[in-house]
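The values are calculated or read from the model by the stated rules, or taken from the named source; none is laboratory data. Just so you know, these numbers come straight off a predicted model, no measurement behind them. Here the Cβ positions follow ideal geometry from the backbone for every residue, glycine too, while neighbour counts run over all protein chains shown.
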Amino acid sequence: MRLRDIGQEYEGRVEVEWKALPLEWVNNRPTPRDVLEGEWWLAALHEPRARFAPYTAPDYPDSTLPAFEATKCASEQGAYLGRRYDLALREAFFGRNMNISRRDVLLQLAGEIGLDVRRFEQDLDAGRGKEAVRADYDEGSAFLDPRGSPSFVLPDNTQVFNPAAADITFRDGRVVAVGAMPCLGDDCDHVYRDLLNQAAASGAVHR
């Protein structure tokens, strides 16, 4: 959310290109529920403008791949709608207790943001999203070393992992230590402005 908001200040100067690099392919497994829940409250502290709520629905996403593929299909109807859909997915999972691995949820969100749902569903069925996600992953995994989300690549190929995050130590799937936070809440805006300023000269930064 923060990058989307601040990125508007850089229109015409920096182009942010969004890429799919599913961590469950990087790690050879979906991110366990206890790991995500352990980081939930930290994410809420870092981004108070976002809506976070404990996940209490009876079913939990068993994979993020359907969400990645659906976002690619949404992007077929325009970059703006693709970004809106991506944000709607995150809000649905982190704030609305919705299982974003379910097809009915993906279609519901498509309708909520104004996508052509019939075309969206056809693109899903045709495997367009799956092909696009695989292409992004094959491209990125050849030279990236992602340690989490979000990961950034600057025009000079410098890799940056969530510059506003604190170092977290896990033990048996639980957070047992948190390092000093480099910033908190709105004070983190400058971190992303600094990131975009680094890319402004060449006009592109990849995520």
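Points to keep in mind about this one:
- VAL117 vs. criteria under 19 Å from SER63 (Cα atoms), at pLDDT 95 or above and of a type in the set (A, V, I, L, M, F, W, C): no
- Helices (runs of 4 or more DSSP H) contained in the range 1-112 and holding at least 1 residues at pLDDT 90 or above: 23-26, 65-75, 79-96, 103-112
- Check on GLU121, in a helix (DSSP H, G or I) and either under 30 Å from GLY12 (Cβ atoms) or of a type outside the set (D, E, K, R) (or both): no
- Options SER151, SER141; residue that is surrounded by 17 or more Cβ atoms within 10 Å (Cβ to Cβ), out of contact with any Asp or Glu (no Cβ under 8 Å at 6 or more places or on another chain), at negative phi and polar (S, T, N, Q): SER151
- Only one of ARG134, ARG118, ARG128 that is in contact (Cβ under 8 Å) with a residue 40 or more places away in the chain and charged (D, E, K, R): ARG128
- Count of the range 128-156 residues, restricted to those that are more than 14 Å from the chain's Cα centre (by Cα), within 21 Å of THR31 (Cα to Cα) and among the basic types (Lys, Arg), is 2.
- Filter result (within 21 Å of GLU47 (Cβ to Cβ) and either in contact (Cβ under 8 Å) with a residue 60 or more places away in the chain or over 22 Å from the mean Cα position of the chain (by Cα) (or both)) within the range 157-176: ALA164, ALA165, ALA166, ILE168, PHE170, VAL175
- Some residue of the range 129-148 being out of contact with any strand residue (DSSP E or B) (no Cβ under 8 Å at 6 or more places or on another chain), in a loop (DSSP other than H, G, I, E, B) and not hydrophobic (A, V, I, L, M, F, W, C): no
- Residues of the range 1-35 that turn out to be in contact (Cβ under 8 Å) with a residue 12 or more places away in the chain and over 16 Å from CYS188 (Cβ atoms), as a count: 21
- Set ALA50, ALA88, ALA44: member being closer than 30 Å to HIS190 by Cα, surrounded by 15 or more Cβ atoms within 10 Å (Cβ to Cβ) and free of Cβ contacts under 8 Å to residues at least 12 places away in the same chain: ALA44
- The lone exception for ILE100 - which of (1) surrounded by fewer than 17 Cβ atoms within 10 Å (Cβ to Cβ); (2) in contact with a Lys or Arg (Cβ under 9 Å, 6 or more places away or on another chain); (3) aliphatic (A, V, I, L, M) it fails: (1)
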